[in-house]
Structure formats: C-alpha cells, structure tokens
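Beneath this line is the structure, given in structure tokens, with notes to follow.
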Amino acid sequence: MSEILSAKEILSAKEIEAIIKQTRALPSCHYWNAVIGVMAYAGLRENEVIELLLEDVDLGKGVISVRSIEKPMETRQIQISEKLLALLERRPSNKSKYLFPNIQANAKPWYPSSFNSELQKRLPQDLKPIDLSNSFGTL
C-alpha cells in the first residue's frame, strides 16, 4: 500500500484515510472502520475501545465519555469530529451494552489479546494499533 508510509509513531490524516479505505474491502468493514476511527480520531487505546459502552457515546452532543482505566470514577470528554461521526453512524448496531462487542462471540466483551489480534489483521503489517492512538493529537 503505497499511500501508507513505513512504520512510524504518528500518522497523517491522509494515512489514516488510506487505512480506512483499505479496510472497506474486508468483511465487517463498518465495524472495524469505526474502531480505527475511534482510535485515530479520538485517541482511544485498545483497552479503552473494548471497554467503551453504548451509553458512553452521545452522537447528538458529539461527545465520547471515556472512563479512566486506572481511576474508574474519572472520565474525560472527547469531541467527535465529522469524520469520526460518519464512521460511527455506519457502525452496525448490536444488542450488547458495549459499543464494540466481540462480533465473533455473540456480543460479549473482547479479551484484549483477541481484540488486538483481530485489529492487527486489518492494519498494514508495519503499523501498530498504538500508532493510531498516538496520531490523535496531530489530526
């Protein structure tokens, strides 16, 4: 994929778009595009993504509330960009309380290792999931 540069810690908006475009050709693309979008456009890490509940995302107000992993009583509010909103609106609905339940396990939560493995299959080989989260501040 020529649009995506070699391994790096910060991705450009163009590189993020190329990753999302590449993912569109795969099964369950709207689910994984929304996952990638939340990581890149909202800066969430993998463990935050799999813990995100439906109630944590308010598309009307354009805000994601992220609970601290270390301090569960603390939350931070993240504005939903137009690009992320479009991805979230196309995400398939589910009967789980999780925004991104394990789509292979009847809407149960992901185990971190299996989530990471499935996400990695959808990213270019030289890219790590943390590269998506690290790119948030520059987008």
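Using +1 on the beta carbon of Lys and Arg, -1 on that of Asp and Glu, and nothing else charged, what's the dipole of the chain about the Cα centre, debye to 20?
My answer is approximately 320 debye.
Calculate, in whole percent, how much of the Cα-Cα pair population of segment 84-133 lies beyond 14 Å.
Numbers: 742 of 1225 pairs.
Every Cα pair in segment 84-133 considered, those over 14 Å come to 61 percent.
Which is the longest part of the chain that has none of the trypsin sites (Lys or Arg not before Pro) sitting in a DSSP loop with at most 14 other Cβ atoms within 10 Å? Walk me through the numbers before you get to the answer.
Values: sites that count: Arg24, Lys61, Lys95, Lys97.
Counting only loop sites that pass the neighbour cut-off, the longest clear stretch is 98-139.
Would you work out if segment 45-106 is rounded, prolate or oblate? Take a ≥ b ≥ c from the square roots of the eigenvalues of the alpha-carbon gyration tensor; rounded if a/c is under 1.5, else prolate when a/b is larger than b/c, oblate otherwise.
Since a/c reaches 1.5 but b/c is at least a/b, the shape of segment 45-106 is classed as oblate.
Give me the aspartates and glutamates in straight-line cross-link reach of Lys83: C-alpha distance below 17 Å, same-chain residues under 8 apart excluded.
Glu15, Glu17, Asp58
With the full set of protein chains in place, find how many percent of the accessible area of the chain is carbon and sulfur; take the probe as 1.4 Å.
On the way: 4130 of 7800 Å².
Answer for the chain: carbon and sulfur cover 53 percent of the accessible area.
Among Asn33, Asn106, Asn116, which one shows the highest mean-square fluctuation when the chain is modelled as a Gaussian network with alpha-carbon springs under 10 Å?
Asn106
Positive end of the dipole of the chain, charges at C-beta (+1 Lys, Arg; -1 Asp, Glu), about the Cα centre: which of Gly137, Ser96, Ile64 has its Cα farthest in that direction?
Ser96
Based on DSSP H assignment, which helices of the chain show an axial Cα extent of at least 20 Å together with a mean Kyte-Doolittle hydropathy greater than or equal to -0.5? Don't jump to the answer; show the numbers that get you there.
Values: long enough: none.
Within the chain not a single helix satisfies the rule.
Looking at this model, which pairs from Lys95/Lys128; Lys61/Lys128; Lys14/Lys128 are more than 25 angstrom apart at the alpha-carbon? Numbers along the way, then the final one.
On the way: Lys95/Lys128 30 Å; Lys61/Lys128 31 Å; Lys14/Lys128 17 Å.
Going by Cα-Cα distance, Lys95/Lys128; Lys61/Lys128 fall outside the 25 Å limit.
Label segment 8-139 by shape, choosing from rounded, prolate and oblate, from the square roots a ≥ b ≥ c of the eigenvalues of the Cα gyration tensor; if a/c is under 1.5 it is rounded, and otherwise prolate applies when a/b is larger than b/c, oblate when it is not.
Values: a/c = 1.32, a/b = 1.13, b/c = 1.17.
In terms of gyration-tensor shape, rounded.
The values are calculated or read from the model by the stated rules, or taken from the named source; none is laboratory data. Keep in mind that what you see is a predicted model, and the values were worked out from it rather than measured. Methodologically, a virtual Cβ is constructed for each residue, glycine included, from the backbone with ideal geometry; neighbour enumeration extends over all protein chains shown. These accessible areas exclude ligands, DNA and RNA; they are computed on the full protein's heavy atoms, side chains included. Shrake-Rupley method; radii C 1.70, N 1.55, O 1.52, S 1.80 Å.
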